[in-house]
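The values are calculated or read from the model by the stated rules, or taken from the named source; none is laboratory data. Given the structure is predicted, the values throughout are model-derived calculations rather than measurements. Cβ: placed from backbone, ideal geometry, glycine included. Neighbour counts: every protein chain shown. For the accessible areas, the whole protein counts, side chains as well, though only heavy atoms, and no ligand, DNA or RNA atoms are used. Shrake-Rupley method; radii C 1.70, N 1.55, O 1.52, S 1.80 Å.
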Amino acid sequence: MEKGTPAIGWAARDDSGLLSPYSFSRVPKDDDVTIKVLFCGICHTDLHIAKNEWGNALYPIVPGHEIVGIVTDVGPGVKSFKAGDTVGVGYFLDSCRSCDTCSKGYENYCPTLVLTSNGVDYDGATTQGGFSDVLVVNQDYVLRVPESLSLAGAAPLLCAGVTVYSPMMQYGLNAPGKHLGVVGLGGLGHMAVKFGKAFGMTVTVISSSPRKREEALERLGADAFLVSRDAEQMKAAAGTMDGIIDTVSAGHPLVPLLELLKPMGQMVVVGAPSEPLALPAYAIIGGGKRVAGNGVGSVSSCQAMLDFAGKHGITADVEVVKMDYVNTAVERLEKNDVRYRFVIDVAGSQLDAAA
């Protein structure tokens, strides 16, 4: 039997989503990096999976895929990292490396992608995420976190950050002077605003909540704010935007948003509502408009995003909590009662062992 590294995390055991202490082990391989988890963000995906809202839960589940930590040990085959390095791990921790998408550098779309949490590894084991004190990851899927960044604020970059940065780069929504619309001002949305402004774009926040106007304009530096429920505001802004990043994770109409795009404009959907979104053909045919989806980003894209964030001082706005607050944090997240990301101070939490 392989010798494992003891780990303590907080796991959901049924679709109540309630998290409680859970003891398990991680087995390092020769090319693995062992990481002491310092901080881990709480993403809406963690909530969906813990409560089995997507019907794919593999209980018990230790959530968490926005992870920053310190390397404590490396296998004999590891050449890229050493003990003491500050590193990050995102939404996935392995891929097949041989399929078409992996060979083109888009391993985030690998058909057999191994998710950091609630995934199935190639040895058949269920993966457990960053709501735990120890993580073991293949060196090729570990990222370097710039020393200039706050570690708590950097953790959400590993999912929320790359999820908006990657499509902005892919679809040319990073050019100075272009007009970007950002739908929703949550964990993903506020990162899109920050990256958009760092790229030199004109950024308009589109929200159903008028109370977010001051936050968007005064604090985050957006150039304009639209209330999506205000028909007159939306009409006045029609045909003005080169691209839109839609970050909303609840059901919402797409047609009014598509009307904001210029002809040949690009919308990218990065939020993941549980219910289907309606997309009538007429909404995209008339102006030759395009709608795409995006799932996080490749390893290289994520590293490029971290390097860009380090250069421009970009981190997420976070509320740091201890692990024993995690169930309350998840309840608040369901109500969007956070600005803009909960991050667990894992290293600073007392993690008690449990069966």
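Worth a mention:
- Along each principal axis, Cα extent of the range 209-288, largest first, Å: 37, 29, 20
- Solvent-free Debye scattering, log10 I(q)/I(0), computed from the Cα coordinates of the range 160-293 at q = 0.11, 0.16 Å⁻¹: -0.32, -0.72
- When the chain is treated as a Gaussian network with alpha carbon springs shorter than 10 Å, the biggest mean-square fluctuation among 205, 37, 338 belongs to 338.
- Residue-wise HN-Hα couplings along the range 152-160, as the Karplus relation 6.51 cos²θ - 1.76 cosθ + 1.60 with θ = phi - 60° gives them from phi, are 5, x, 7, 3, x, 4, 5, 10, 4 Hz; Gly and Pro carry x.
- The lysines whose alpha-carbon is closer than 16 Å to the alpha-carbon of residue 335, local same-chain residues fewer than 8 away aside, are 51, 212.
- Mean Cα-pair separation over length for the range 160-293, i.e. relative contact order, pairs under 8 Å, 6 or more apart, %: 21
- The residues neighbouring residue 333, those whose beta-carbon lies less than 14 Å from its own, together hold a net charge of -2 under the Lys/Arg +1, Asp/Glu -1 convention.
- Applied to the range 247-257, the Karplus parametrisation 6.51 cos²θ - 1.76 cosθ + 1.60 on θ = phi - 60° returns per-residue 3J(HN,Hα) values of 9, 6, 9, 10, x, 6, x, 8, 4, x, 6 Hz, with x for Gly and Pro.
- Accessible area per residue for the range 79-150, computed on protein heavy atoms with a 1.4 Å probe, is 44 Å².
- Restricting the trypsin sites (Lys or Arg not before Pro) of the range 216-322 to loop positions (DSSP other than H, G, I, E, B) with no more than 15 neighbouring Cβ atoms within 10 Å leaves 229, 322.
- Amide H within-cut-off set for residue 206, under 5 Å, with H built and near neighbours excluded: 182, 183, 184, 226
- Prolate/oblate/rounded call for the range 146-214, Cα gyration tensor, a/c under 1.5 rounded: oblate
- Fully extending the segment from residue 292 to residue 70 would add 76.4 nm, taking 0.36 nm per residue of separation and subtracting the current Cα-Cα distance.
- Surface composition of the chain: carbon plus sulfur atoms hold 52% of the accessible area, using a 1.4 angstrom probe and ignoring ligands, DNA and RNA.
- Per residue accessible area of the range 160-293, 1.4 Å probe, in Å²: 41
- Each eigenvalue of the Cα gyration tensor of the chain, multiplied by 5 and square-rooted, gives one semi-axis; in descending order these are 35, 21, 19 Å.
- Phi angles of the range 280-293 translate, via the Karplus equation with coefficients 6.51, -1.76, 1.60 and θ = phi - 60°, into HN-Hα couplings of x, 4, 4, 6, 10, 5, x, x, x, 7, 10, 10, 10, x Hz per residue; Gly and Pro are given as x.
- Amide H contacts of residue 127: 118, 119, 120, 121, each under 5 Å away and 5 or more positions distant or on a separate chain (H built 1.01 Å from N in the peptide plane; Pro and chain starts excluded).
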